[in-house]
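Since the structure comes first, as structure tokens, the remarks are kept for the end.
The values are calculated or read from the model by the stated rules, or taken from the named source; none is laboratory data. Please read these numbers as outputs of a predicted model, since none were measured by experiment. Neighbour counts are summed over all protein chains in view; Cβ atoms, including those assigned to glycine, are modelled from backbone coordinates with ideal geometry. Heavy atoms of the whole protein, side chains included, go into the accessibility calculation; ligands, DNA and RNA do not. Shrake-Rupley method; radii C 1.70, N 1.55, O 1.52, S 1.80 Å.
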Amino acid sequence: MKASEVPRAVAAAMSTASTLDLSVADAVVLHDSNRLAVRLLPCDVLARVAHVAHQAGAEVEVEVARQLAQTASPVAELEPRVEPRVYVRDGFAVTLWAHYEGVPSRDVAPAEYAQALERLHAGMRQIDVTAPRFTDRVKEAQRLVGNRAQTPELSGAERELLTTTMRNLRCAIDDRGADEQLLHGEPHPGNVLSTKNGLLFVDLETCCRGPVEFDIAHAPAGVGEHYPAATHDLLRECRILKLAMIAAWRWDRDDQLPNGRQLGREGLSQIRAALDRYGTDTHR
């Protein structure tokens, strides 16, 4: 979120909570990316604030979280003192969540991460939510790369690398005909809270349908080895596809992630290394 918009977004979160009879005297910004995460005090509620243009995604997230709460899945819970929905105020979409105190920093073992992800996938198989296929998200990244005005800093060779990688791997994964289910979409460490209740997944607006390997590809290296149902050739393809998608987003001229261009360059290098390592069978 643009720095100039943060004060308004924080004010929208505070006024929304106050209107719902939650006690709000202060707000602390915890995270700022495409959405703002704000801890409201003393009610101790986490507000997630996005531009109202992202209201549909927020509504999906709330519905997924609401249904998963009935399955004992490892996800952050919606704030129980208010109606679970998206609140619109001053051009922002606001959702309210329980706040969790983090535990002291620690390295999460791949086996623990895999077990939490398996539990999440098990819960997602029990709920009924309309979500796009993972290929729709790939196509969004492909359109971005194909739009030179939106990605002006990509060279011709870099654009071709991303275009070819995403097209061919999307087709290769589709051709495998693997079982598909509802997925988190981006269960990387940035979307996992380490709490006294164990690992909890957040940011559910990226939900999509696809093979579980697409989710595992976003997890740290080693997690796939502890996920019994994972097919390793498919996981390898999903990991390279993930690298290409993330690299595409980092070259968006409107990307606001700190060090985004550096991460984009690193992504291109990782894609080249992966394709060289696994040979031409990965890019038909």
Given the criterion under 12 Å from the mean Cα position of the chain (by Cα) and of a type in the set (Ser, Thr, Tyr), identify the matching residue among 206, 195. 206
Checking residue 114 against (1) surrounded by 13 or more Cβ atoms within 10 Å (Cβ to Cβ); (2) assigned to a strand (DSSP E or B), the condition it does not meet: (2)
Regarding residue 135, is this residue open to solvent by less than 50 Å² (accessible area, probe 1.4 Å), closer than 23 Å to residue 272 by Cβ, assigned to a helix (DSSP H, G or I) and modelled with pLDDT of 95 or more? no
I'd like the residue in region 250-269 that is open to solvent by 60 Å² or more (accessible area, probe 1.4 Å), in a helix (DSSP H, G or I) and not charged (D, E, K, R) and, out of all such residues, is nearest to residue 158 (Cα to Cα). 269
Applying the selection to region 1-54, what residues are of a type in the set (Val, Ile, Thr) and either surrounded by 19 or more Cβ atoms within 10 Å (Cβ to Cβ) or touching a Ser or Thr at 6+ places or on another chain (Cβ under 9 Å) (or both)? 10, 16, 24, 38, 45, 49
How many of the residues making up region 63-75 are open to solvent by less than 30 Å² (accessible area, probe 1.4 Å) and either under 20 Å from residue 24 (Cβ atoms) or among the charged types (D, E, K, R) (or both)? 0
Could you check region 191-230 and list, in sequence order, the residues that are assigned to a loop (DSSP other than H, G, I, E, B) and surrounded by fewer than 18 Cβ atoms within 10 Å (Cβ to Cβ)? 196, 197, 220, 221, 222, 228, 229
Can you report the number of residues in region 84-111 which are assigned to a loop (DSSP other than H, G, I, E, B), open to solvent by 40 Å² or more (accessible area, probe 1.4 Å) and within 22 Å of residue 183 (Cα to Cα)? 4
